[in-house]
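Worksheet: one structure, shown below.
Please treat every number below as a calculation from the coordinates, not as lab data. These figures come from a predicted structure and were not determined experimentally. Glycine also receives a Cβ, built like all others from the backbone with ideal geometry; neighbour counts cover every protein chain displayed.
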Amino acid sequence: MVAVAVPEFKALHQKRRFNVRKDSALAFIDSLESTWKGHVPFALWLVQNLKPKTIVDLGFDRGLSTIAFAYRNRGHVFGVDWFDDTNYAAKCFALDSAFRNISNAIRFRYAKNIHLIVGPFHEISKTWNRKIDLLHIDWAHTYQSAKQHYDNWFRYLKDDGIVLVHDVLAYPDETGRFFNELPQHKIIFPYSHGLGVATNSEESIRKIKQKFFGAF
Ligand SMILES: C[S@@+](CC[C@H](N)C(=O)[O-])C[C@H]1O[C@@H](n2cnc3c(N)ncnc32)[C@H](O)[C@@H]1O
């Protein structure tokens, strides 16, 4: 696999002069703590090139993946999280930092298209009423939970939609096993805990392989 950087992210890390507002937005994204961080360049590229209109991100936490998907201001990005700390103060704290991070992203005039939905994944799926182009599952550390979230949300995915599953390498016998059983075309980004990509669209998987895995 070849390492590919999305141009503006590369520029940020090389500290080249760049558009100040864009620089600030990317530096802000880069400052968010998450094991998902290595996938930001792919997220920016994916939204730019495959143009998903409706993105559902299961697992907002501090917002890295949701904000990265929303960075281009394309379509609508729904970040879902229950912030379910049984401790009331901890829940308030988590929600406070979620809102602060969204408003910071908006301050840089990026990520204006984020919708934060607070609630359990399975409850939100019951009343969901939009077709989904890109579904990201980022909290499934057991085979059963991965399957449950997938089954609840997959019915809304467009035929040529894309499913991303995080942690497929961090939990190979659980999340990884679930991902390996999916029947779609697949590929795994083997860093930052492993991000699996699955889709029925041969064209999408070909473009991803070509860009990030040096395949033709
Ligand atoms: C690993 S974090 C998400 C990380 C985030 N995608 C990122 O880029 O940093 C997983 C999040 O999922 C949330 N979560 C876990 N199970 C959930 C459920 N059943 N319903 C709603 N949120 C849930 C947790 O509160 C946690 O904030």
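Things worth noting here:
- With eigenvalues of the C-alpha gyration tensor scaled by 5 and rooted, the chain, Å: 24, 23, 16
- In this simple spin-label approximation, CYS92 and THR127 carry label points 7 Å from Cα along the Cα→Cβ vector, and these lie 2.5 nm apart.
- Normalised contact order of the chain, rounded percent, pairs of Cα under 8 Å and 6 or more residues apart: 19 percent
- Per-pair calculated FRET efficiency, R0 = 25 Å: PHE154 and TYR191 via Cβ, rounded to 0.05: 0.45
- Length gained when the stretch LYS53-HIS76 is fully extended (0.36 nm per residue, less Cα-Cα span): 7.7 nm
- Taking the DSSP bridge list for the chain and keeping only pairs wholly inside it, about 35 percent are antiparallel.
- Each of TRP139, ASN73, LEU195 was placed along the dipole of the range 7-212 (beta-carbon charges, centred on the mean Cα), and the one lying farthest toward the positive end is ASN73.
- Here the calculated FRET efficiency for GLU33 and ASP173, from their Cβ-Cβ distance with R0 = 41 Å, stands at 0.95, rounded to the nearest 0.05.
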